[in-house]
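First the structure, in the form of C-alpha cells, and then the observations on it.
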C-alpha cells in the first residue's frame, strides 16, 4: 500500500505517481449488472462515472467487460467530496433516460461515504437498498438480499425503478476478454462536465485533512501472567472497546 | 521345420485375410496421420542428426523407459528387442504361406539360434509385465485394460508358436501352429492402431519430432490494431492443436509416468496429466476428425499446473504433456474467466509493471545503476525487487558481494519491468506482450544480463527470442559463480554447514538445462553434499511455478510435497537457486520439521558461496 | 431539543450503538450547552421509550405508525425526515449501523441536509463541535464542514463513545405522529434469517483471534476457539496452522488467504512473516502475544506481550467470561 501525503493546498492527497483502479465494490456492481443483463436478454448496461481524465481507463475497462456505452462527467481537481452534490450531478445526467435499475458500489474506498447510490435513488424517486448481496428479477420487481450485522440476512421485494448499493463478494467479477478489450475502443463514451451537471451548493466539505497515524508506538505489557491478563482485559474493554 | 505345401485355397484365404487386416491397419493409421497433418504448424526437421541420435538412444537403447522404472523397463526392453529380432522372421513366415520363402532352410534354422533365446526372453518379459499389470496393479497405469490382456495373450502365443515351429513335429501340427501364429499377427495388426499399442509405430516418430526445449507452445501474438476478422482468426487458432500435439495424443502409451511425477497430483489436487492433458483429447480428435478440440480440456485441472514440465521430461514416447498454457490462455483471452487473485496480479502488472502494484523498491534504490561501461545488467526480478520474501534480499547482496570481490562490474535497470513469467504462464498473453515489448526495448543496447531468478532467465533468454531478435546473453547467477570459481576470480574454502542438499529449481534444470553450475559451486564449499531423491532433471517442483505463488486457497498441498522430501532427507541445509523455491522452502519447512529437530536452514547458492569466500590475497 | 438521538431497535432493546450515540449526545450536550432528546420508533417503540426514559436527557419521543412496524428505507426515511422537520434540532445523532446506512441518506436527500457518516471524533471550533471521519481506509482523517441552514445528520463509528459512560436520570415523555401515505412504501420485506457459518468471510469481522505456530499443536486449538467465542470474535490463523491441517483453509490470513481489517486483531504465537502481515496490517488495533521478543510482528503492534500463549489464553478466556 502506498503511503499517502496531503497535497500542498490541503484539499486532498498527492496523486502523482499513484496507481488507480476501479473501486472494488463498483466492480462487483458492474458484474451484477452484466449478469442481470444476461438474464434479461433485451437490456443495456450503461456506465456513468464522475472524475478527471484518468477515469477513462476504468470506464474502458467496464466497457471491455461488456457494458454497452458510457457517460463520463468530467471533473478536475479539487474534486467534489459532498455525496449529495455528486449524486445530484449523476441524477441530472441520467434522469432523462429513465433507467429501471441503478447499481453502484456500496461505498468508495477513498472517501467512504456510502451514500451516493441511495441519495441518487431518492432524488429520482426510486426505491433503494444498500449492502446488497444478492439480486433476483421477479415479474417487474426486483428482489434483493441485504446483509444485516452478525451473519443475518434479509430478502426484500422492491418496486422498479430501484437504486442498489452492492456489497463486495456477491459474485465473481469477470476479466475482460481480448475481444472485449479491443471492442471497448469503439464503444461510445459521452462527455459532460460536473459544473454543468451539478446545479446546487454542496452540503458538506472537507476541512483539515491529516495523516492518521505516522508512527506506531507499541505499548509493551509486562508482568506476571495474571498481571498481563488483567491489563489485556482492561485494554480490550476500555481502550479498544470490544464490548 | 518339415516340408510344407499350401493349397491354393489356403493361399487365397491367406491373401484375403492379410489384405483385410493390413488394409485395416493402414486405414486406421492413415486416418490418424491425416488428423495429425491437419494440425497447426509443421513437424520439425531441424537438427536431423540430433533427432536421429535421440531416437536411437530412447527407442533402441530404452534410455528413458529403463531410466525411470528400471525392472519393468528392462522387461519391456526384452519384449521390444524380441520384436526387432522377429521383424524379418515374420515377413518370412508369411512368405512361406505364399510359397515363396525369403530364407533358405539352413538360414532359417541358423536364425533360430537367435530367435529362440529372444523368444524365451520376450516370454519372460511379457509374463512379468502381465504379473505387474494384473496382479500388482500400480495405480498410475489406471483401470485394468482388456486390450492389454489381449495383447499379452497375442505375444505369448506368438513366441510359443514360433518356438514350436522350429521343433520337429508332424506337418499337420506344424501347419495348425503356422495358422495360429498368422492369426495372431493379423489380429495384432487389426488391434494396433485402435489401441495404445499404436505406440509401436508412432513412438519412434514422435520421439524424432519432439521439441528440444521445453515448454513449447504455439505463440500468441497480439496486435491491438488488428481488424476484427484477424482477431477472430487468431482466437480461433488458439483452440487448435499443432501437428506435434496431435501426434502426442496418438502416441500415448498410457503408462501414467506423467501423473506419477506431477507435483499438483501428488499434492492432492485434481490434475491428472495423463488424462487431463493427453487422453481426454483422443476421442474428440477421432470423432470429429478436427484438431479444434483444445476447448474440451478440463479447466480446473489447468489452473492447478505449476508448468514445471516434469510430465514432459518423463514421457517415454516423447510427448509434450503439459497443456496448461492452452487452457489458461483461452480462459483469459476468450472467456474472461480468471481467478480473482490473478486478476489483481494482471492489473498490477498493467498499471505498474510489477506484480505487487508497488511504486518503489528500496532494494533497487540501494544498488548501482547500470551504465554501458559495466559488464552486466543485474536483473532483479519482482520477487527480489519488491520483497516477496524479505530475507531473499540477503541472497541478492551475497551475490553482489561475490561480484565485487571478483571485480565484476554490474548495475540494475531502474525501469526494469516484470519479465512477464507470471502472465505468460497464467495465460494473459496480452499483459505478457506489453511487458515483453517494454523490456525488449529497455534491453536493446545491453549485452550481458545476469539474474538470480530462473523464471526471468527463461523468459528473457528463451521466450523473448521466440517472438523476435534478442541481442543480449542471459546467465543465471549460478553459472556466473561457477565461472568465477573456475577462473580463480574468487576463492572459496569448504566450510561447515552440516549435511547440505540442493533443490533443483524446475526452471533451471529442465528449462535452462543447467544442472552442473550449482553443484560445482556447492561442492566447492562443502564436503558433505547429498542429492535429494528426485534431483537434476527429475526435480520435484517446489509448487510456486506457473503463477501459483499468487494463488489463494490452495486446496492441495502442492507446495509442501517437496518440503516434505527435504525434511525426510535428513539434510541440515537446503540450498536452492531460485527465489520462489527459496520462499517456498522457508514457508514449508517450518510446519513440517518435527519437534526436537533443529530448523533446516534455507540458503541460496550465492549465500553459501559468499559465506565461504576467502580473501584472494 | 438541540440534539435528537434516533434509536435503533434490537429485538426490543436499545441497540448498543444507539446507546453510544446517546452517550455522545450527553457529552457534547454538556460541553456545548445543548439539550438532548431521544426518538424511539417502530413496533417496539414503547419498550424502547421505557428504557430511554432512564437516561439523563430532556425528553423521549415515542413514534408509532403502521408503516413503521417493519423496517423499510421508504418508511423510516420518510418518518425520520418528517420528525426532523417538525422538531428542527441542530443535530441528529445515529449509531453507524447497517440499517442507518440503508435509510439515513434518504433522509439527507429529502431534507437536503448533510449526513456526516462514520464520525470517529469531534473537536471544538468557535464554540461548536466539529466532527471528523476517516478516509482512505483509515489512513487519513478529515474534519467535516457542514453547510448552514438546518439540522446536521451525524452517525458515529462503533466505540467512538463508550456506553459505559452513559448518564442515567429521567426524561419527559412525549408521543408524536407522522403522516405516511401507503403509496410511499414500495418495499416488502421478509423475515431476517441466519446463514451457515461455513467459509466465514473474515474480511467483515470486527474482532479476530488469530493463531500461529506458537499454538504448538492441534490439541491446543480448542483453547483458542474458546477464547474467540468468549470474545465474540472470529478465529483465524497464519499459514503454517492451515498447512499442518489444524484449521481449514478459509481461516488463513495473508497473501494467499484472506485480507482483514478488524477493530481488534489478537495475534497469538504469530511471528509476522510478510506473507501474513500483508493480510492484516490494516487492522485498527493489533495486540501481539509471542514468546520471541524479536518477533517481527511486534513492530506492527499497538500492544505487545512477550509471553507464552498457552499460559495466557486460558486465563484471558476466564477473565473475559
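Mind telling me which of the residues C:218, C:164, C:190, C:195 ends up being within 11 Å of chain A (Cβ to nearest Cβ) and either touching a helix residue (DSSP H, G or I) at 6+ places or on another chain (Cβ under 8 Å) or farther than 30 Å from residue A:155 by Cβ (or both)? Break it down into steps so the answer makes sense when it comes.
Numbers: C:218 fails: within 11 Å of chain A (Cβ to nearest Cβ); C:190 fails: either touching a helix residue (DSSP H, G or I) at 6+ places or on another chain (Cβ under 8 Å) or farther than 30 Å from residue A:155 by Cβ (or both); C:195 fails: either touching a helix residue (DSSP H, G or I) at 6+ places or on another chain (Cβ under 8 Å) or farther than 30 Å from residue A:155 by Cβ (or both).
Being within 11 Å of chain A (Cβ to nearest Cβ) and either touching a helix residue (DSSP H, G or I) at 6+ places or on another chain (Cβ under 8 Å) or farther than 30 Å from residue A:155 by Cβ (or both) holds for just one of C:218, C:164, C:190, C:195, which is C:164.
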Residue in segment B:599-607 that is more than 23 Å from residue B:307 (Cβ to Cβ), in a loop (DSSP other than H, G, I, E, B) and either under 23 Å from the mean Cα position of the chain (by Cα) or in the same structural domain as residue B:528 (by TED's automatic domain parsing) (or both) present: yes
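Can you tell me which residues in segment A:180-211 are within 14 Å of chain C (Cβ to nearest Cβ) and surrounded by 15 or more Cβ atoms within 10 Å (Cβ to Cβ)? Working first, answer last.
In the first step, residues of segment A:180-211 are kept if they are within 14 Å of chain C (Cβ to nearest Cβ); the result is A:198-211.
If the condition is that a residue be within 14 Å of chain C (Cβ to nearest Cβ) and surrounded by 15 or more Cβ atoms within 10 Å (Cβ to Cβ), then A:198, A:202, A:203, A:204, A:205, A:206, A:207, A:208, A:209 are the ones that fit.
Strands (runs of 3 or more DSSP E) wholly in segment C:165-228 with at least 1 residues that are at pLDDT below 95 and farther than 30 Å from residue C:45 by Cβ - which ones? Before you say what the answer is, go through the steps one by one.
Numbers: elements: C:172-176, C:187-189, C:207-211.
Ranges flagged: C:207-211.
With the structure loaded, tell me whether residue A:118 is crowded, with 20+ Cβ neighbours inside 10 Å, more than 9 Å from chain C (Cβ to nearest Cβ) and closer than 15 Å to residue C:98 by Cβ or whether it fails that test. Break it down into steps so the answer makes sense when it comes.
On the way: crowded, with 20+ Cβ neighbours inside 10 Å: yes; more than 9 Å from chain C (Cβ to nearest Cβ): no; closer than 15 Å to residue C:98 by Cβ: yes.
No: the conditions fail for residue A:118.
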Only one of these conditions is not met by residue C:155: (1) more than 11 Å from chain A (Cβ to nearest Cβ); (2) modelled with pLDDT of 90 or more; (3) touching a helix residue (DSSP H, G or I) at 6+ places or on another chain (Cβ under 6 Å). Which number is it? (1)
Take the residues of segment C:234-250 that are surrounded by fewer than 24 Cβ atoms within 10 Å (Cβ to Cβ) and away from chain B (no Cβ under 11 Å): which is modelled with the highest pLDDT? C:235
Within segment B:395-403, is there a residue that is in contact with a helix residue (DSSP H, G or I) (Cβ under 8 Å, 6 or more places away or on another chain), within 14 Å of another protein chain (Cβ to nearest Cβ) and under 24 Å from residue B:549 (Cα atoms)? no
Which of (1) assigned to a loop (DSSP other than H, G, I, E, B); (2) under 25 Å from residue B:478 (Cβ atoms) is the odd one out, the single condition residue B:400 does not satisfy? (1)
Of the residues that sit in segment C:102-136 and are touching a residue at least 40 places away in the same chain (Cβ under 8 Å) and assigned to a helix (DSSP H, G or I), which one is nearest to the other protein chains (Cβ to nearest Cβ)? C:108
When you scan segment B:209-251, how many residues do you find that are part of a helix (DSSP H, G or I) and surrounded by fewer than 16 Cβ atoms within 10 Å (Cβ to Cβ)? 7
Looking at (1) in contact (Cβ under 8 Å) with a residue 40 or more places away in the chain; (2) in a loop (DSSP other than H, G, I, E, B); (3) surrounded by fewer than 23 Cβ atoms within 10 Å (Cβ to Cβ); (4) within 14 Å of chain B (Cβ to nearest Cβ), find the lone condition where residue C:282 falls short. (4)
Take the residues of segment C:285-320 that are out of contact with any helix residue (DSSP H, G or I) (no Cβ under 7 Å at 6 or more places or on another chain) and under 10 Å from residue C:214 (Cβ atoms): which is surrounded by the most Cβ atoms within 10 Å (Cβ to Cβ)? C:295
Being assigned to a loop (DSSP other than H, G, I, E, B), in contact with a strand residue (DSSP E or B) (Cβ under 7 Å, 6 or more places away or on another chain) and closer than 18 Å to residue B:387 by Cα narrows it down to one residue among C:256, C:271; which is it? C:271
Which is surrounded by 23 or more Cβ atoms within 10 Å (Cβ to Cβ), under 20 Å from residue C:26 (Cα atoms) and in the same structural domain as residue C:11 (by TED's automatic domain parsing), of C:91, C:103? C:91
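Of these, B:356, B:414, B:437, B:365, which one is free of Cβ contacts under 8 Å to residues at least 24 places away in the same chain and either over 35 Å from the mean Cα position of the chain (by Cα) or within 14 Å of chain C (Cβ to nearest Cβ) (or both)?
On the way: B:356 fails: free of Cβ contacts under 8 Å to residues at least 24 places away in the same chain; B:414 fails: free of Cβ contacts under 8 Å to residues at least 24 places away in the same chain; B:437 fails: either over 35 Å from the mean Cα position of the chain (by Cα) or within 14 Å of chain C (Cβ to nearest Cβ) (or both).
The conditions single out B:365.
Results for (1) touching a strand residue (DSSP E or B) at 6+ places or on another chain (Cβ under 7 Å); (2) part of a loop (DSSP other than H, G, I, E, B); (3) within 26 Å of residue B:397 (Cα to Cα), shown as yes or no for each residue.
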residue: B:544; (1), (2), (3): no, yes, yes
residue: B:549; (1), (2), (3): no, no, yes
residue: B:560; (1), (2), (3): no, no, no
residue: B:564; (1), (2), (3): no, no, no
residue: B:585; (1), (2), (3): yes, no, yes
residue: B:591; (1), (2), (3): no, no, no
residue: B:609; (1), (2), (3): yes, no, yes
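Of these, B:205, B:185, B:164, B:192, which one is at pLDDT 95 or above and assigned by TED's automatic domain parsing to the domain that holds residue B:120? Walk me through how you get there before you give the answer.
Values: B:185 fails: at pLDDT 95 or above; B:164 fails: at pLDDT 95 or above; B:192 fails: at pLDDT 95 or above.
After ruling out the rest, the residue left standing is B:205.
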Matching residues, segment B:264-275, being free of Cβ contacts under 8 Å to residues at least 40 places away in the same chain and within 22 Å of residue B:539 (Cβ to Cβ): B:265, B:271, B:272
Against the definition (modelled with pLDDT of 95 or more, over 18 Å from residue A:113 (Cβ atoms) and buried (at least 19 other Cβ atoms within 10 Å of the Cβ)), how does residue A:61 come out, yes or no? yes
Could you run through segment B:276-321 and say how many residues are free of Cβ contacts under 8 Å to residues at least 40 places away in the same chain and in a loop (DSSP other than H, G, I, E, B)? 2
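The values are calculated or read from the model by the stated rules, or taken from the named source; none is laboratory data. What you are looking at is a predicted structure, and each value in this text was computed from that prediction instead of being measured. Virtual Cβ from ideal backbone geometry, glycine too; neighbours counted across all protein chains shown.
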